[in-house]
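The values are calculated or read from the model by the stated rules, or taken from the named source; none is laboratory data. This one's a predicted model, so the numbers in the text were calculated from it and none came from an experiment. Note that we place each Cβ from the backbone using ideal geometry, even for glycine, and neighbour counts take in every protein chain shown.
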There are 2 protein chains.
Amino acid sequence: MKILEDAILQKGRILDNDIIKVDTIINHQVDVPLMVEIAKEIKKEFPCVDKVLTIVTSGLPYAFALAEQYGVNMVFAKKEKSKTVDLSSCYIEEIPSFTHGNVNQVTVDKKFLSKGEKILIADDFLASGAASLGLINICKQAGAEVVGVTALVEKSFQGGRKKIEELGIKVVSGACIKAFENNVPVFE
Amino acid sequence: MKILEDAILQKGRILDNDIIKVDTIINHQVDVPLMVEIAKEIKKEFPCVDKVLTIVTSGLPYAFALAEQYGVNMVFAKKEKSKTVDLSSCYIEEIPSFTHGNVNQVTVDKKFLSKGEKILIADDFLASGAASLGLINICKQAGAEVVGVTALVEKSFQGGRKKIEELGIKVVSGACIKAFENNVPVFE
């Protein structure tokens, strides 16, 4: 999507030909009008969605923008244990975090995913696919149908897309980076 | 706001006449169409806003909904230390968490708040006011102008509003709870 690729080129920064820093538009400051435009385009790829599922934290704005386009609710999987959460009523998955180098226990309350519901999984990044695969497993536990996975920024060379597509699930990203060359992203 | 009070009465739960659980509409599943309606109403109270500031995690959907109404960006203050964050470039505040019983170091990158910018602070809850007061201090460090504080759900008996209003800052909440009686919220 050209508007996002342009924003990444103008406002993003690549560290060590590896980490992409887009805190000006996605994961610290959020370019809300840009995200709304992207959500409108992504909706054309997944016409029928009952609910949008994401994971804390920086997937929330994009998931909200998408859910608003469909006029549906969104659900965010949680990482922290809260005083008010009863784990026995949750779907649980262990998801390794690329950014923080640890493993998170991720939970979704069972009452928020129903059998047969059409779920669109949304996140800010798609790299190894760990987070999306964890959310897919949670949907599977619920008997919900994952109609697709969408990310704002994909690093296709890290293999996430391939693993998800092998499950027969469609993947659409806002901007797909196939490589970094001298700290500049090269888009697919 | 009647639509939110009704949603809280129908879908919320009060635990021990103290904790209000609204995970069906606000902080696990998000009722996106409801939040958009609330944001439209709140905009009437604060006509001139350059940016919406919130804090991770469950303030993000509401802040996004508000920013979209204004056509401006949102910024979310962070709690976790990330590999890609340089603390020397951040405004920092210590904020005690009522829910988790600890103190968080909260950061906003200096480049996302400018002198004279009109900031609307938004969060899901307003109780003791600790989070909002921390964000107000961060804005003060930046020389930005806080035009108001808004929360979806306020527990007015916990004193947050009073402390913020004493600073000369307007507070508007979607639903203001003045007491719990037999595990039922009583609205102002």
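Side notes on the structure shown:
- Residue match in region B:72-80 (condition: surrounded by fewer than 19 Cβ atoms within 10 Å (Cβ to Cβ), within 11 Å of chain A (Cβ to nearest Cβ) and closer than 19 Å to A:GLY59 by Cβ): yes
- Cβ-Cβ contacts under 6 Å between residues 6 or more apart (or on different chains), taken from a first residue in region A:53-65 that is facing chain B (nearest Cβ under 9 Å) to a second residue that is aromatic (Phe, Trp, Tyr) and crowded, with 24+ Cβ neighbours inside 10 Å, are listed as A:VAL56/A:PHE76; A:LEU60/A:PHE76; A:PRO61/B:PHE64; A:PHE64/B:PHE64.
- A:GLN10 meets all of the listed conditions (1) in a helix (DSSP H, G or I); (2) free of Cβ contacts under 8 Å to residues at least 40 places away in the same chain; (3) within 17 Å of the chain's Cα centre (by Cα) but one, namely (3).
- Options A:VAL103, A:VAL146, A:VAL153; residue that is among the β-branched types (Val, Ile, Thr), under 21 Å from A:ALA67 (Cα atoms) and free of Cβ contacts under 8 Å to residues at least 40 places away in the same chain: A:VAL146
- Residue within region B:42-55 that is in a strand (DSSP E or B), surrounded by 22 or more Cβ atoms within 10 Å (Cβ to Cβ), at pLDDT 95 or above and among the charged types (D, E, K, R) present: yes
Residue-by-condition table, conditions (1) modelled with pLDDT of 95 or more; (2) crowded, with 24+ Cβ neighbours inside 10 Å:
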| site | (1), (2) |
| --- | --- |
| A:VAL108 | yes, yes |
| A:ALA122 | yes, yes |
| A:VAL172 | yes, no |
| A:ASN183 | no, no |
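- Residue match in region B:116-131 (condition: farther than 23 Å from B:PHE157 by Cβ, within 10 Å of chain A (Cβ to nearest Cβ) and assigned to a strand (DSSP E or B)): no
- Qualifying residues in region A:15-30 (those that are surrounded by fewer than 18 Cβ atoms within 10 Å (Cβ to Cβ) and of a type in the set (A, V, I, L, M)) - the one farthest from the chain's Cα centre (by Cα): A:LEU15
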